[in-house]
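Below: one structure, written as structure tokens.
The values are calculated or read from the model by the stated rules, or taken from the named source; none is laboratory data. What you see is a predicted model, and the numbers here were worked out from it, not measured in a lab. Neighbour counts run over all protein chains shown; Cβ positions are idealised from the backbone, glycine included. What goes into the accessible areas is simple: the full protein's heavy atoms, side chains included, and nothing from ligands, DNA or RNA. Shrake-Rupley method; radii C 1.70, N 1.55, O 1.52, S 1.80 Å.
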Amino acid sequence: MDKHFIHVQCHKSLVYVVTKDGILLILKETRDLSKWMDFKVKSAFTLEIYNNYIVCGCAEGIIRVFETETLKYVTTYILFVFYISFYIMIRHT
């Protein structure tokens, strides 16, 4: 199975990789696969690490947040909801 790497970040001697189809991979210094997780999204576009959180931008305005050490799920943001609220606010002012 081929995976297309979209974004790569290094953090605390680990390499975090997100693939086009929304798979997050964590590689050790030895290039061995440490952990992986499926975001369950159509596609992923970016990966950023802030402090101890992994923030992943995905299709349809979905942003997933996980802990760096455990890949424990933290939250999901959906940008579409923000845009609709902003649009309604502007239309009524």
Check: Which residues' amide hydrogens lie under 5 Å from the amide hydrogen of T68, considering only partners 5 or more residues apart or on another chain, with H built in the peptide plane?
Finding: Y53, I54
Notebook entry, point to check: Once the Cα atoms of segment 1-59 are picked out, what are the Rg and Dmax in Å?
Noted result: 10.8, 32
Next item on the list: Could you pull the accessible area for F45 with a 1.4 Å probe, rounded to 10 Å²?
Entry: 120
Item checked: Heavy-atom SASA rank of V17, V74, V41 (probe 1.4 Å, accessible area, largest first) -> V74, V41, V17
Checklist line | Options V74, S43, I54, ranked by Cα towards positive dipole end of segment 33-80, top entry (Cβ charges) | finding: S43
Notebook entry, point to check: Ranked by accessible surface with a 1.4 Å probe, highest first, in what order do V8, V65, V55 come?
Noted result: V8, V55, V65
Note to self: As a test of reading the structure, rank L14, L33 by solvent-accessible area (1.4 Å probe, protein chains only), most first.
What the structure shows: L33, L14
Check: Quick one: Karplus J couplings for segment 49-58, per residue in order, coefficients 6.51, -1.76, 1.60, θ = phi - 60°, nearest Hz, x for Gly and Pro?
Finding: 10, 10, 6, 10, 10, 9, 10, 10, x, 10
Next item on the list: Search the structure for amide H atoms under 5 Å from the amide H of G22, placed 1.01 Å from N in the peptide plane, and list their residues when 5 or more places away or on another chain.
Entry: A44
